[in-house]
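The values are calculated or read from the model by the stated rules, or taken from the named source; none is laboratory data. Only a predicted model underlies this, so the values are computations on that prediction, with no experimental measurement involved. Using ideal geometry, Cβ is built from the backbone for each residue, glycine included, and neighbour counts are taken over all protein chains shown. Each accessible area value is taken on the protein alone, full model and side chains, heavy atoms only, with ligands, DNA and RNA left out. Shrake-Rupley method; radii C 1.70, N 1.55, O 1.52, S 1.80 Å.
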Amino acid sequence: MGTGIQTSNGKAFEYACVIALHEQLNNGQEIIIEPSPQMETAQNLYDAISEDMKPLLDAAARAAVRIIRRLEPQLAESKGNEPLFLSLQADAEGIRGDVRDVLCIRKQNDWEIGLSCKHNHHAVKHSRLSDTIDFGQEWLGVPCSKQYFDKVVPLFTELREIRDKSKAGGNPALWNDVKGKAEKYYIPVLEAFMEELSRINSENENIPEKMIRYLLGRYDFYKVITDDRNKTTRVEAINISGTLNQQSGNVKSIAKVPVLKMPTQFYHIGFKPGSDNTIEVVCDEGWQISMRIHSASSRIEPSLKFDVNLISLPSSVHTQIEPWENDPEMAQRCRLGMYAKMLGK
């Protein structure tokens, strides 16, 4: 699936989650879907998707809400704290450290939860490296060393010169035209990154925890992941600060969502076996991260981008998987589909 299609489906899925929240929580309480440019964009993308895809997004979203409403009593039990506001966040919030896409807010008692919606993928925060980006300062609050920049600046300067020269000639240079791009750029940049991460960790405290907190964002959230192939929705409760799973008055959740333990040390930082563009960071407490570096564009630019995936989480993370077949509407569609096959249609 192309990046553009994946992005569009992701935005459409965010809107499907808003609709599912409104439908399943509309039990007499006042619910307001807050208008915004991002809500309008998501709705337009939702309206534009194929008639085959739309029921899948709807079923996936309803499955997510069935899980989350059982864990969050304040969604359905307002206790007079109305209305419940549903909103979508702008992409810029992710850059500033808030990875939540959908927000559910009760302004009267200052309560909110957020959903990070993923359509068929598990990626977390995306970050860039360049000759001007100080990842140590941005990620960890510790500036990168001169030695790090001495290694990466010539590489990104070379890319900038290639870009500018090709632009001036009216024929922008493409990454596909670069022979041995991994050996020339990916590997040396990743080696410099790993060396600097190790150095910062050796000279400062709490670096593994700071890295995880940076990648996951500043707020607790529910990570909602669709699985179209298996027709299930997976929900992971990323509860680092303990803000999830609060009771509403005397009404408690049916399950306790534990606060996750943060890592205290790196066990391993190195290349993924057999890969020239992906590194793995293994920490204690069950945290493991995969970081793939890539160009993020067909045209050469003087920066590279990380795709970061959480390979494993602490075993204590509260995770539930909900089959779509538990959804009455989807079950009816499945029955009709099976009946049509029996009739040879």
### Query
Which of the residues that make up the range 3-30 are of a type in the set (Asp, Glu) and in contact with a Pro (Cβ under 8 Å, 6 or more places away or on another chain)?
30
### Query
residue 261 versus (1) surrounded by fewer than 20 Cβ atoms within 10 Å (Cβ to Cβ); (2) in a loop (DSSP other than H, G, I, E, B); (3) at pLDDT 90 or above; (4) on the phi > 0 side of the Ramachandran plot: which is the lone unmet condition?
(4)
### Query
Hey, does the range 78-98 have a residue that's in a helix (DSSP H, G or I), buried (at least 17 other Cβ atoms within 10 Å of the Cβ) and in contact with a Gly (Cβ under 8 Å, 6 or more places away or on another chain)?
yes
### Message
Please pick out the residue among 225, 212 that is more than 21 Å from residue 13 (Cβ to Cβ) and among the hydrophobic types (A, V, I, L, M, F, W, C).
### Response
212
### Message
Is it the case, given these coordinates, that residue 38 is open to solvent by 10 Å² or more (accessible area, probe 1.4 Å) and under 19 Å from the mean Cα position of the chain (by Cα)?
### Response
yes
### Message
Name the residue that is most open to solvent (accessible area, probe 1.4 Å), counting only residues in the range 294-310 that are of a type in the set (A, V, I, L, M, F, W, C) and part of a strand (DSSP E or B).
### Response
310
### Query
Of the residues in the range 264-293, how many are outside any loop (DSSP other than H, G, I, E, B), open to solvent by 80 Å² or more (accessible area, probe 1.4 Å) and small (Gly, Ala, Ser)?
0
### Task
Of the numbered conditions (1) within 29 Å of the chain's Cα centre (by Cα); (2) at pLDDT 95 or above; (3) more than 19 Å from residue 281 (Cα to Cα), residue 187 fails exactly one; give the number of that condition.
(3)
### Message
For the range 168-223: of the residues being polar (S, T, N, Q) and closer than 27 Å to residue 260 by Cβ, which is surrounded by the most Cβ atoms within 10 Å (Cβ to Cβ)?
### Response
201
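State yes or no: is residue 14 buried (at least 23 other Cβ atoms within 10 Å of the Cβ), within 13 Å of residue 104 (Cα to Cα) and either more than 19 Å from the chain's Cα centre (by Cα) or not aliphatic (A, V, I, L, M) (or both)?
Considered against the rule, which asks whether it is buried (at least 23 other Cβ atoms within 10 Å of the Cβ), within 13 Å of residue 104 (Cα to Cα) and either more than 19 Å from the chain's Cα centre (by Cα) or not aliphatic (A, V, I, L, M) (or both), residue 14 comes out as yes.
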